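As structure tokens, the structure follows; a few thoughts come after it.
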Amino acid sequence: MNLIIVSTGPTPDLEPIELLLALAAFEQNPKLLLLGPGIYHANLLQKEKKPQGKAAGKVLAVLPMYDCDEIFVSQKDLAQLSLTKDDLQSFCQVVSDDEIKQLIQHSKHCVTF
Amino acid sequence: MSSEKISYTLILTQSPIQNESNLTAQSLVSALIDAGDTIDRVFFYQDAVYTGLKSQIPGQGLETSYQGWIALLEKQSFPLQLCIANSLRRGIHDEAEANRYSQAANLQQGFQLSGLGELAEACLSSDRIIRL
């Protein structure tokens, strides 16, 4: 299992998410962990960052079609951003620091952005 | 200490102009090669693709960001792969893409444009992946 960790907010071109999609397309079973401003990728209110661009939330919404629906969000960071689980894509899982530690320990590779 | 040799893929994501990660990666690769380890590939993603831009003109007495990589290829042969989508977005083309989009090729020799499938392959084949 490969874990993509995104701790930076959405950009006009969602290049970290493109990597996740590529790994999913190659049946690598990637998982996504969103930390800090990276959580905005899963925020339903996020708009596209450039004309004719794609909103991060809409891109994440297609991930289950690639059997990539394990998206984890730091509980602590979510609270710090004054967001709740209801503000996120429905399939996101809110996880504690201990669960994040377990996720990282059980991943073959972790790639951070 | 174990003498088992390890294979590595390095992923670079930061601009070689604004960050020192490009030079750090070169030092790391050099040390790994000296230790007898294998570099499977170095993959340049996001702004790191500027490393392979041929038309760089550095300040007087300074090196381009790709020269160190070309020198390392003399120690061990490994692919220097730029994400093709990220490169095209930033105006970096090899001969094939330059012809396709009627642009001038500006990819430094020794580098190649590659799809993200190469990175997926790296996740399967390399013992370690390091992102700098």
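Details
- Each residue in region B:91-120 was checked for being surrounded by fewer than 17 Cβ atoms within 10 Å (Cβ to Cβ) and either of a type in the set (Gly, Ala, Ser) or within 14 Å of chain A (Cβ to nearest Cβ) (or both), and 9 pass.
- B:Ile70 among the β-branched types (Val, Ile, Thr), away from chain A (no Cβ under 14 Å), in contact with a strand residue (DSSP E or B) (Cβ under 8 Å, 6 or more places away or on another chain) and farther than 30 Å from A:Lys31 by Cβ: no
- Members of region A:9-20 that are within 8 Å of another protein chain (Cβ to nearest Cβ) and aliphatic (A, V, I, L, M): A:Leu19
- Flag if A:Ala55 is exposed (fewer than 14 other Cβ atoms within 10 Å of the Cβ) and aliphatic (A, V, I, L, M): no
- Pairing residues of region B:36-49 that are among the polar types (S, T, N, Q) with residues that are surrounded by 21 or more Cβ atoms within 10 Å (Cβ to Cβ) and not in a strand (DSSP E or B), at Cβ distances under 6 Å and at least 6 apart in sequence or on separate chains, gives B:Gln46/B:Thr13; B:Gln46/B:Asn86.
- Subset of region B:53-90 that is surrounded by 16 or more Cβ atoms within 10 Å (Cβ to Cβ) and hydroxyl-bearing (Ser, Thr, Tyr) - its residue that is farthest from B:Leu28 (Cα to Cα): B:Ser87
- Some residue of region A:1-8 being farther than 27 Å from B:Ala122 by Cβ, within 14 Å of chain B (Cβ to nearest Cβ) and either at pLDDT below 95 or crowded, with 18+ Cβ neighbours inside 10 Å (or both): no
- Per the listing A:Ser96, A:Ser107, the residue uniquely within 14 Å of another protein chain (Cβ to nearest Cβ), among the small types (Gly, Ala, Ser) and more than 22 Å from A:Ala61 (Cα to Cα) is A:Ser107.
- Flag for B:Asp47 being more than 11 Å from the chain's Cα centre (by Cα), farther than 19 Å from A:Phe113 by Cα and among the charged types (D, E, K, R): no
- One residue stands out in region A:16-31 among those that are of a type outside the set (A, V, I, L, M, F, W, C) and in contact (Cβ under 8 Å) with a residue 60 or more places away in the chain: the one that is nearest to A:Phe91 (Cα to Cα), namely A:Lys31.
- Selection count, region B:1-48, where residues are outside any strand (DSSP E or B) and within 19 Å of A:Ile4 (Cβ to Cβ): 7
The values are calculated or read from the model by the stated rules, or taken from the named source; none is laboratory data. Predicted, not measured: the structure shown is a model, and the values here were computed from it. In this analysis, Cβ positions are derived from the backbone assuming ideal geometry, glycine residues included, and neighbour counts consider all displayed protein chains.
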